[in-house]
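Only one structure is covered here, and it is reproduced in the block below.
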Amino acid sequence: MKAEAVQFLRNLKENPKIISHNDADGICSLAILLHYLNKKGINANYELTEVPIKHVNKESTMIFLDISLDNALRFASEITLVIDHHLFDKRPDMPFYNPRETDEKSYIPASYLIYEVCSELEDMEEVKWIACAGIIGDKGDKNSEICKKFVDSLDDYENLSLVSDHIFSADLVDNIDGDYKALEIVKNAKSAKELLHDPYLSECYDEVQKELSNYKNKLEREDKIIFVEVESRYNIKSIIASRLLDKNKNIIVVAYSTYNDAYNISLRTNTDINLGAISKKVAGLCGGDGGGHEKAAGAKVSKSKFPVFREEFVSEVEKCA
Ligand SMILES: [Mn+2]
């Protein structure tokens, strides 16, 4: 519950180690928390990480942002706070804030949650734009009335959405190095407009936009599922998938790209099907990894198992119909 997170931050004495997801929501969440800690004169170590987490260095006080509970628990220490919005099985025996605890269907990105928690203790108004960019990065404004109102209150949607795209572009172009660079820029910028003038982020954004007009793809449709193979030097498949959703009602997009001898798969939908659950199950059947949210999930399976993945995926979707 929110009160547990507020109390944890209020009583924080030791410098925490913060672990945050390396997407726009995670990067913005981390920037907001660091802004709060800076106001309080508290230093923090931090790491941005992919999920599933491969490795992080544990410290005695840990804070996890935008990291699903199963991942956080593997690296939790005695004093740990988890602020997250992914589905989970059972609430842990530690300070924990995830709105799904009381409403399983709720979808409120971590940037909103950490902003809300810190705002109980400090005036955070000057980083509200960062919270909005993080929310947009996870499509919170499209899936939650609370988030939509919050984003609308700044009346600057176009710039805020560009901020989110700029952060994501740094990730696409430079991977984890780009994530850390983007974090520094977000931390130091005073406004969305100022961030959009940053030369590094502008260059990454332009590069990705150029690629989006040049990439090769192969589309196949099976009932309401669109399979699209994306060939690009950048991992732009989630953008391609989102664009297909914008143009088609009631569909599921399975966008995949080669990654060594495997396929990395992005799954997106505007139906009520729970893709996170299906991808976890189906990728598991193929010896791969899968998981995520209901409407946005991911998976990785070996190329030789992809036909099985595809077949099982279609049959799981049919079961839901
Ligand atoms: Mn998130």
Answer residue from segment 96-136, given it is hydroxyl-bearing (Ser, Thr, Tyr) and assigned to a helix (DSSP H, G or I) and is nearest to the ligand (Cβ to nearest atom) among those: Ser111
Touching a residue at least 24 places away in the same chain (Cβ under 8 Å), among the acidic types (Asp, Glu) and more than 16 Å from the ligand (Cβ to nearest atom): which single residue out of Glu59, Glu78 fits that description? Glu59
Among the numbered criteria (1) at pLDDT 95 or above; (2) within 18 Å of Asp171 (Cα to Cα); (3) not hydrophobic (A, V, I, L, M, F, W, C), which one does Ser232 miss? (1)
From the list Ile252, Ile278, Ile240, which residue is of a type in the set (Val, Ile, Thr) and within 25 Å of Asn175 (Cβ to Cβ)? Ile240
Screening Ser279, Ser266, Ser257 for residues that are part of a helix (DSSP H, G or I), under 17 Å from Ser242 (Cβ atoms) and not assigned by TED's automatic domain parsing to the domain that holds Ile53 leaves only Ser279
One residue is enough: does segment 47-55 have a residue meeting the conditions in contact with a Leu (Cβ under 8 Å, 6 or more places away or on another chain), more than 23 Å from Ala296 (Cα to Cα) and away from the ligand (no atom under 16 Å from the Cβ)? no
Is it true that some residue in segment 200-215 is assigned to a loop (DSSP other than H, G, I, E, B), surrounded by 12 or more Cβ atoms within 10 Å (Cβ to Cβ) and under 21 Å from the mean Cα position of the chain (by Cα)? no
Check segment 287-297 and report whether any residue there is basic (Lys, Arg) and at pLDDT below 95. yes
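For every residue, the table says whether it meets (1) over 19 Å from Asn274 (Cα atoms); (2) surrounded by 13 or more Cβ atoms within 10 Å (Cβ to Cβ); (3) at pLDDT below 95.
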site	(1), (2), (3)
His55	yes, no, yes
Met62	yes, yes, no
Asp70	no, yes, yes
Ser77	yes, no, no
Thr80	yes, yes, no
Asp89	no, no, yes
Every residue from segment 82-94 that is more than 16 Å from the ligand (Cβ to nearest atom) and closer than 23 Å to Cys147 by Cβ: Arg91
Consider Asn45 against the criteria (1) buried (at least 17 other Cβ atoms within 10 Å of the Cβ); (2) touching a strand residue (DSSP E or B) at 6+ places or on another chain (Cβ under 7 Å); (3) polar (S, T, N, Q): it satisfies all of them except one. Which criterion is unmet? (1)
Could you run through segment 52-79 and say how many residues are more than 21 Å from Leu34 (Cα to Cα) and touching a Gly at 6+ places or on another chain (Cβ under 9 Å)? 2
Filter segment 137-159 down to the residues that are more than 16 Å from the chain's Cα centre (by Cα) and in a helix (DSSP H, G or I) and list them by number. Glu145, Ile146, Lys148, Lys149, Phe150, Val151, Asp152, Tyr157, Glu158, Asn159
Condition set part of a helix (DSSP H, G or I) and of a type in the set (A, V, I, L, M), scope segment 2-21, selection nearest to the ligand (Cβ to nearest atom): answer is Ala5
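The values are calculated or read from the model by the stated rules, or taken from the named source; none is laboratory data. From a predicted model like this one, the values you see are computed outputs, not experimental measurements. Positions of Cβ are backbone-derived with ideal geometry, glycine not excepted, and every protein chain shown enters the neighbour counts.
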